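**Student:** Quick one: the structure is below, and I'll ask about it shortly.
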């Protein structure tokens with residue numbers, strides 16, 4: 001795998017990149033609670049995604065559909081789908097594209113707190129190196145379409161797709177030139193927090209990394 005210093009050289013200048021945290025899901029397996037605001041090791045879940053993005057993107061935004069004031073309190077601009085409701089990640093993607101003038105966008109979900117800048121630099125470098133419109137992370141077993149870098153001039157394509165009543169991100173990808181980026185050596189980074197059990201497991205992992213004992217069950 002390419003080392004981190006080489007990735008920094010190949011990835012676009014952060015000034016040309018906008019990062020977007022997608023925090024607009026319904027979180028049904030969390031009982032409808034807003035996942036991005038759930039506490040993980042003393043911090044809101046979305047804060048981990050914001051931290052990963054700020055090292056690769058000159059502008060960082062949160063795309064949310066509710067609790068906007070709470071997201072604003074995290075210290076970054078908040079955008080929302082102009083159509084309202086829960087229209088899926090493509091709606092958040094479109095909001096990000098329409099809210100920036102940078103040529104490149106990198107998006108991450110709010111519920112992958114182990115994501116790091118190495119993964120994001122890798123997909124941004126792939127976008128810069130290859131004649132593609134989109135670079136999507138692959139964990140070695142499956143595609144991770146919620147972690148991608150892409151051209152912001154695809155906004156018309158996203159808008160048209162949504163207007164047709166479509167929502168599936170993978171189906172939209174097939175309309176464009178895209179590449180899967182090998183991140184199999186960092187598969188742990190893509191662990192999702194979808195349930196209370198997931199949240200507890202990841203929190204224990206973070207505490208062990210920090211050398212603090214896990215919380216009693």
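The values are calculated or read from the model by the stated rules, or taken from the named source; none is laboratory data. The structure displayed is predicted, hence computed values, not measured ones. A quick note on method: Cβ atoms are made from the backbone with ideal geometry, for glycine too, and the neighbour counts reach across all protein chains shown.
**Student:** Of these, 189, 128, 135, which one is surrounded by 15 or more Cβ atoms within 10 Å (Cβ to Cβ) and assigned to a strand (DSSP E or B)?
**Tutor:** Within the list 189, 128, 135, the selection yields 135.
**Student:** While we're on this one: So, residue 117, is that one under 30 Å from residue 37 (Cβ atoms) and surrounded by 22 or more Cβ atoms within 10 Å (Cβ to Cβ) or not?
**Tutor:** no
**Student:** Give me the helices (runs of 4 or more DSSP H) completely within region 25-108, filtered to those with at least 1 residues that are modelled with pLDDT of 90 or more, closer than 22 Å to residue 127 by Cβ and touching a helix residue (DSSP H, G or I) at 6+ places or on another chain (Cβ under 7 Å), ordered by residue number.
**Tutor:** 45-54, 89-98
**Student:** Every residue in region 143-178 that is over 22 Å from residue 100 (Cβ atoms) and surrounded by 18 or more Cβ atoms within 10 Å (Cβ to Cβ), please.
**Tutor:** Once the filter is applied, which keeps residues that are over 22 Å from residue 100 (Cβ atoms) and surrounded by 18 or more Cβ atoms within 10 Å (Cβ to Cβ), region 143-178 yields only 144.
**Student:** If I ask for residues that are assigned to a loop (DSSP other than H, G, I, E, B) and touching a strand residue (DSSP E or B) at 6+ places or on another chain (Cβ under 7 Å), which ones from region 141-176 would you list?
**Tutor:** 176
**Student:** I'd like to verify a number: residues in region 37-64 that are farther than 20 Å from residue 197 by Cβ and without any contact (Cβ under 8 Å) to a residue 24 or more places away in the chain, how many?
**Tutor:** 1
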